[in-house]
Every structure is written in C-alpha cells, then in structure tokens.
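First comes the structure, then the notes that go with it.
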Amino acid sequence: MSATRFTNEQDYGIGIGLRVPHYQHILGKKPLVDWFEIISENYMVDAGRPLHVLDQILEQYRVVQHGVSMYFGNASRPNRDHLKKLKALTRRTHTPWLSDHLCWGSVDGRYSHDLLPMPYTWEAVETTARNIREVQDFVGIPVAVENVSSYAEFHASEMTEWEFLNEVVERADCGILLDVNNIYVSSQNHTFNPMDYVNAVPAERVAQIHIAGHTRYERYILDTHDHPVIDPVWKLYKRAIERCAVSPRCSSGTTRFRLSTKCIARRSRRRNSCPARRSAPAA
C-alpha cells in the first residue's frame, strides 16, 4: 500500500488480521509481519484478556483498526460513548487511520449487528457524509469507508452504488477501503458490471483493498469468506491495483493478509504459490 494522506502519509507494507485462534502462535513464534489489523470493537473494553494480548502485540508490531459497528449511514448522529471508547483505543494503538463500513445498522438505540445496505439517495449522501466528518473530526485521524456486499436494493435510489460512494467520500473528504469481492457479490446479485464500479472509484482516495472468497447459491451469492478467490474477483483486484498503485490487503476464509503486486505477477506461473489461492478452514 502506497503512502497517501488517508494512510497518514505512511507505507505500512504487509499486514495480517489479528484473530483469537492465532494469539498463541503470534506471541510464541513472533512471525515476520509489518502490522496487524484489529477489529476495534473487540478491544473497546476497560480491562481483560483482549487488552492484555493487544498490549503484548503493540510491544512488537504496529496495529491498524477496522470497525464493524459505526454505521455511518444511520439517520442519527454517531454515538458519543462509542466514539469516546474508539478514540481511547486509537490513542492506545497509535493507528494511523481507521476504517468501517458504508452501511446502516441501528434505529432508536436498537442494533441489528448487521451491515445493512443504503438507499442511494442525495439525502442519504448528506447524512452519511455528515456522520463520517463527525467521526473523523472527533477521533482526529483519517477514516476510510468500506463498500459492503448487498442482497437487496431500494426503489428510492437515485444513483448507482459507486456514484453514491463517490459522492459520500467527496463530501466527507475521507478515504475508501475498497472490497473487490463485495463489488463482485453485489454485481451478481443486482446485475451490474463490476468493472464499471472499479473504474469509477476515485483512485486517489483508496487507502486499502480487500479480497476474499464467497459462496454461490442458486439465486444469489453470499459474502462468506470461506472459499478460494475466483478468477473474476482476481481480475477486479488486478484492475484496482493498476488504478490505485497499492498493494492491498487480501482475505481468504478466516485468514487475512496483504498481497504485493509481485505475488499477483507470479500467479500465472505458479498459481498455487500465492497464499490467497489456498483454501482456508470454513468459518
């Protein structure tokens, strides 16, 4: 990943997702990794094993935060108690940026614990951008928003998903965490050309790129992260790299890591040598 203003002008190299099953191996074997990505909500606590492990990781590695419950698309403003805990964690980890999803997920204090799709309307653009700006101003570091996979559309939508994403990040002046597998999943569920999406995203705002596997059912595709990455998704990934000049983060099943462009170049010669081609245990 190249240094940009959305990564605090730092090139962080290759990172791996920090997951509970890997704690013992990481602390015992100390693998050669540039940084770990953590799920912010797992560590927004006052004490206990999560913070004990995190502090040990921070003694040896850099950390980047990725969230799952900010819900930028909510009609209500961001929860202040949540933001205070999030900011305290950013001070502990010194994460150069943090990310979360472009979605909504709660109403009147009731949480769905899901990444629900947005109506692509101008009203939603303004509300979502307002919330992102508020979060970014409060935590004091850059924010990147991730496109989600979707399984339903709103009749009220006034633009495409990528047009909506572009309008939101422009008004919020934030970065993008581009998930090419989510683009492919949504394109198959809603019948649009996924390459149009990748080509339309403002490359200068892309801070990270995600890639993963999915599950195909009879009438739809589900973003499960428990299958190998398929060729059409690799093509989107390659195109995103060409446009954004980054070495994006990659995920396969329960294993998350980043790939360099060199790994992609080797793919045609040694297809099974690239870790992202290997199957991971089903979730």
message: Within region 24-107, what whole-number % of the accessible surface is contributed by carbon and sulfur, with the 1.4 Å probe and all protein chains included in the calculation?
response: 50
- request: Determine the per residue accessible area of region 143-235 with all protein chains present and a 1.4 angstrom probe, expressed in square angstrom.
  value: 40
query: Whose amide H sits under 5 Å from the amide H of residue 178, counting only residues 5 or more places off or on another chain, with H placed in the peptide plane?
result: 207, 208, 209, 210
- request: Provide the per residue accessible area, probe 1.4 Å, for region 69-114, rounded to a whole number of square angstrom.
  value: 55
query: Mind listing which GluC sites (Glu not before Pro) in region 24-89 are in a DSSP loop and have 14 or fewer other Cβ atoms within 10 Å?
result: 59
task: For a label point 7 Å from the Cα of residue 55 along Cα→C-beta, name the residues of region 75-102 whose backbone N is under 14 Å from it.
output: 92-93
- prompt: According to a simple spin-label model (label point 7 Å from Cα along Cα-to-Cβ), what is the distance in nm between residue 29 and residue 173?
  reply: 4.5
field: All-pairs alpha carbon distance profile, region 75-122, 5 Å steps from 0, percent
entry: 5, 15, 21, 24, 17, 13, 4, 1
- line: FRET efficiency for residue 190 and residue 76 from the Cβ-Cβ distance with R0 = 25 Å, rounded to 0.05, comes out at 0.40
message: Test of understanding: what is the full-extension gain from residue 122 to residue 156, defined as 0.36 nm times their sequence separation minus their Cα-Cα distance?
response: 11.2 nm
- prompt: With all protein chains present, how much of the accessible area of region 108-186 (probe radius 1.4 Å) comes from carbon and sulfur, to the nearest whole percent?
  reply: 48
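The values are calculated or read from the model by the stated rules, or taken from the named source; none is laboratory data. Keep in mind the model is a prediction, meaning the values are calculated, not measured. Cβ coordinates were reconstructed from backbone atoms using ideal geometry, including for glycine residues, and neighbour counts include every protein chain displayed. SASA here: full protein model, heavy atoms, side chains in, ligands and nucleic acids out. Shrake-Rupley method; radii C 1.70, N 1.55, O 1.52, S 1.80 Å.
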